[in-house]
There are 2 protein chains.
Amino acid sequence: MPLDPALRDRILSSVEAGFAEQIAFTREMIRFPSTRGDEHTVQDFIFRALRQRGFTMDRFAMDREAIGRHPGGAPFSDTHSDAPIVVGIHHPREETGRSLILQSHVDVVPTGPAELWTHPPFDPVIEGDWLYGRGGADMKAGGAANLYCLDALRRIGLQPAGTVYVQSVVEEESTGNGALMTHLRGYAADAVLIPEPEEEMLVRANTGVLWFQFEVRGVPMHVREMAAGANAIDAAYRVIGALRELEAALNREKIGRPHFEDVAHPINLNIGKIEGGDWASSVPCWCKVDCRIGLYPGMSAEELGKRIEAKVLAFARADAFLSNNPPQVVFNGFWSEGYVLEPGSEAEAVLGRAHQGSTGKALKSFMTPGYLDTRVYALYDKVPALCYGPISENIHAFDERVSLASLKRITGTMALFVAEWCGVEAIAE
Amino acid sequence: MPLDPALRDRILSSVEAGFAEQIAFTREMIRFPSTRGDEHTVQDFIFRALRQRGFTMDRFAMDREAIGRHPGGAPFSDTHSDAPIVVGIHHPREETGRSLILQSHVDVVPTGPAELWTHPPFDPVIEGDWLYGRGGADMKAGGAANLYCLDALRRIGLQPAGTVYVQSVVEEESTGNGALMTHLRGYAADAVLIPEPEEEMLVRANTGVLWFQFEVRGVPMHVREMAAGANAIDAAYRVIGALRELEAALNREKIGRPHFEDVAHPINLNIGKIEGGDWASSVPCWCKVDCRIGLYPGMSAEELGKRIEAKVLAFARADAFLSNNPPQVVFNGFWSEGYVLEPGSEAEAVLGRAHQGSTGKALKSFMTPGYLDTRVYALYDKVPALCYGPISENIHAFDERVSLASLKRITGTMALFVAEWCGVEAIAE
């Protein structure tokens, strides 16, 4: 049932009243350089912030075995984080409303060369409407909004009338194992909202993502005998060419896929990292390449994994050097499938009304071709998993920034969504 | 004047008599993992070995300013070695013969992945005729031979009748600044012999070598926006393609160059090392590539350096992404020119007779397309600079190895060469 307009206005005013504090909290979060494996301190910060607000707290580690057995579990590499997952649990006085998970991740991607940034990457500078910083948009602004949308209700004496789990996870940028772990621990709710930076739109469909590394090894030698040798760096690039053919084939397969066929290039292969050779005057005998590729909803990670291996193997067989040195393909991260948020759910209707109430505009939806933790809740809990968040620029790039005006609008949407989805009750005196 | 056959036989027998000790010494040298910058301890080992034999010792550092002013001096990068150069000086009782420099280098190239080696790279294993180990062939076997060819004379009561400088240098694998420094310090002689692994042949002509690094930088982004971005790793490969065109043009220019036009591919461009990107799911914004290219004798390093810069710049101008992100070219090592050993010198005639005496075969000569320190003595001292040494396999590769039978033969050649070139005198009682 739509919110009473008076309540709606009180909630939005309360978001406004708390917004200066919300920005300060977001900036504190950005100051933690929480790249992969280094999320311990920011998770402790979130833990304390939730406990201080009266949540019942749960903090737990990944269960590698359980994740390994799950079809959406990603392989554990040496660089896998062992930072804990933090969940704050709110129980209403009387459970009259629907339950909800508000989720976010605190891990951020590497900054790249610091000198390419206008400001130091973990210095949360504000210029005009933009708040700068690595991980500010993706997604500490959303993480803070998860707390501050509930604070906005509390400020006017209200709290959700259903159970709310506030989940702060890690490994969203590399495996998705953090979100999966909350599912494996048994957390579930009637809907999930993740405020990733999605341009104030709702994610209708999302690709899965696979990470893999391939390594070429071969006989090295002195450059004086170069003609007899084979350069592993050159060979690696030939393998990249073969993988680009697979990417093109996958993009041709968009035909007949509702949320993908109108997108110019829905499946992206990214050559993200390369390292090879030791010495300018030695023909390189090794080259490692880190790749990331998308997959359509309905295609299993295993199927695409096999296609990647088959493509590399077939190419290698026909290549004079590689046939003697078949490249090794290792899946070392994301092993995740895509999802579609089927239109027509009550959760989406509630979010649409909340968005209209906060922004004055109709809610649009779109397909996004990057990994999202919502896949865990959509695929394995089979509940409406809403990914919706603020306007941003340059995520995964330098000068990452999030719009503060947009952040306020989406926090308003979130507060209205919680109030209508869970219902509200007065906080006990 | 050719050596008396009886003396020749006594000298060769003496080489034979000392060979077990020579192998043991060579193996000791191989145990030092003297990659660039880590040559301090092996240089101290050589210093002690020379002093123990009665040489007058000189040990000195590089003079960066003097090297910087010299046209054959290479730029100093952060990885430049600061290990000392060691020279042992032999003065005869009466200076009746010609002077000689016996030179070698102790720096070795990186091993690459240790698991690609049959034995650990710095473990000097002997199997049949082969002595294995990184830097054994290139060129610790030759470095030991410099001492043991003189030991062979001493064992029969003789020593050179001319001044002999035994030089042990560093930076031969990266800049050639070590050899240049001996020249700048004033060392000079009537001839130079460097026993690099040259298949028991004499180097007639030798390319110069330039090292350079180029770096591509550009706007990174999330893969979801990949079409708008530009991948620095892909862009780096396009630059490599342009450099391959320059390599092809240089190889076409072999026409009319006596020692090069019959060689299939005299100028090699090696893509030796690559590094780029930080994260599989971020479009890479940087990629660095380390290259090495040869140049003909008579072509100046400056001329080729300008052609490299011009090629990269012209290519970048025509490339949508690179025109906004022109790659930086940095010359970070070898800046050396090639040389020709003109036939007809007395030094070559003496070496030919010594080779015939030791191996029973006529001395052959050839062109080699890798850097050699002989260039310093050929180009700047303008004396016969003889590069001649043992049979080897896999230098700069894994399972580098040197033939012990060949090492004995070339040590015999060297001892005969010293005896005829410098003359001999009895050691004072």
The listed residue being open to solvent by 30 Å² or more (accessible area, probe 1.4 Å) and more than 20 Å from B:Ala145 (Cα to Cα), out of B:Ala61, B:Ala74: B:Ala61
Test result for A:Val283, open to solvent by less than 20 Å² (accessible area, probe 1.4 Å) and in contact with a Phe, Trp or Tyr (Cβ under 9 Å, 6 or more places away or on another chain): no
Of the residues that make up the stretch A:222-242, is at least one modelled with pLDDT of 95 or more and more than 30 Å from B:Val330 (Cβ to Cβ)? yes
State whether the residues of the stretch B:79-90 include one that is free of Cβ contacts under 8 Å to residues at least 24 places away in the same chain and outside any loop (DSSP other than H, G, I, E, B). no
What is the number of the single condition among (1) within 14 Å of another protein chain (Cβ to nearest Cβ); (2) within 18 Å of B:Pro195 (Cα to Cα) that B:Val330 does not meet? (2)
Which one of A:Glu303, A:Glu275 is without any contact (Cβ under 8 Å) to a residue 60 or more places away in the chain and within 24 Å of the chain's Cα centre (by Cα)? A:Glu303
Is it true that B:Val424 is under 24 Å from the mean Cα position of the chain (by Cα), at pLDDT 95 or above and within 30 Å of B:Arg185 (Cβ to Cβ)? no
Does B:Val239 qualify as being among the aliphatic types (A, V, I, L, M) and either touching a Cys at 6+ places or on another chain (Cβ under 6 Å) or within 7 Å of chain A (Cβ to nearest Cβ) (or both)? no
Can you find, within the stretch A:369-390, the residue that is nearest to A:Leu12 (Cα to Cα) among those that are open to solvent by less than 50 Å² (accessible area, probe 1.4 Å) and more than 15 Å from the chain's Cα centre (by Cα)? A:Pro384
Out of curiosity, is B:Arg59 in contact with a Pro (Cβ under 7 Å, 6 or more places away or on another chain), in the same structural domain as B:Met139 (by TED's automatic domain parsing) and part of a strand (DSSP E or B)? yes
Mind checking which strands (runs of 3 or more DSSP E) fall wholly inside the stretch B:139-214 and carry at least 3 residues that are open to solvent by less than 10 Å² (accessible area, probe 1.4 Å), more than 12 Å from chain A (Cβ to nearest Cβ) and within 23 Å of B:Gly73 (Cα to Cα)? B:164-169, B:192-194
Test: B:Ile267 is in a strand (DSSP E or B) and open to solvent by less than 10 Å² (accessible area, probe 1.4 Å): no
Of the listed residues (A:Leu416, A:Leu379, A:Leu372), the one being touching a Gly at 6+ places or on another chain (Cβ under 7 Å) and over 28 Å from A:Ala20 (Cβ atoms) is A:Leu379
On the given criteria, is B:Gly338 among the small types (Gly, Ala, Ser) and modelled with pLDDT under 95? no
Give the residue that is nearest to the other protein chains (Cβ to nearest Cβ), with candidates limited to residues of the stretch B:286-322 that are open to solvent by 10 Å² or more (accessible area, probe 1.4 Å) and under 24 Å from A:His396 (Cβ atoms). B:Trp286
A:Asp9: passes all of (1) more than 22 Å from the chain's Cα centre (by Cα); (2) under 30 Å from A:Gln213 (Cβ atoms) but (2)
Residue match in the stretch A:335-354 (condition: under 30 Å from A:Asn231 (Cα atoms), of a type in the set (D, E, K, R) and either assigned to a helix (DSSP H, G or I) or open to solvent by less than 30 Å² (accessible area, probe 1.4 Å) (or both)): no
Being of a type in the set (Ser, Thr, Tyr), open to solvent by 40 Å² or more (accessible area, probe 1.4 Å) and outside any helix (DSSP H, G or I), is that true of even one residue in the stretch A:31-38? no
Identity of the residue in the stretch A:77-104, touching a Pro at 6+ places or on another chain (Cβ under 8 Å) and open to solvent by 10 Å² or more (accessible area, probe 1.4 Å), that ends up nearest to A:Glu171 (Cα to Cα): A:His90
Mind checking which residues of the stretch A:277-330 are among the β-branched types (Val, Ile, Thr) and in a helix (DSSP H, G or I)? A:Ile308, A:Val312
May I ask you to say which residue of B:Phe366, B:Phe398 is open to solvent by 20 Å² or more (accessible area, probe 1.4 Å), in contact with a Pro (Cβ under 7 Å, 6 or more places away or on another chain) and within 14 Å of another protein chain (Cβ to nearest Cβ)? B:Phe398
So which of B:Ala378, B:Ala349, B:Ala354 ends up being under 30 Å from B:Thr79 (Cα atoms), aliphatic (A, V, I, L, M) and assigned by TED's automatic domain parsing to the domain that holds B:Arg155? B:Ala378
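The values are calculated or read from the model by the stated rules, or taken from the named source; none is laboratory data. Given the structure is predicted, the values throughout are model-derived calculations rather than measurements. Cβ coordinates were reconstructed from backbone atoms using ideal geometry, including for glycine residues, and neighbour counts include every protein chain displayed. Keep in mind that these areas ignore ligands, DNA and RNA; they rest on the heavy atoms of the full protein, side chains included. Shrake-Rupley method; radii C 1.70, N 1.55, O 1.52, S 1.80 Å.
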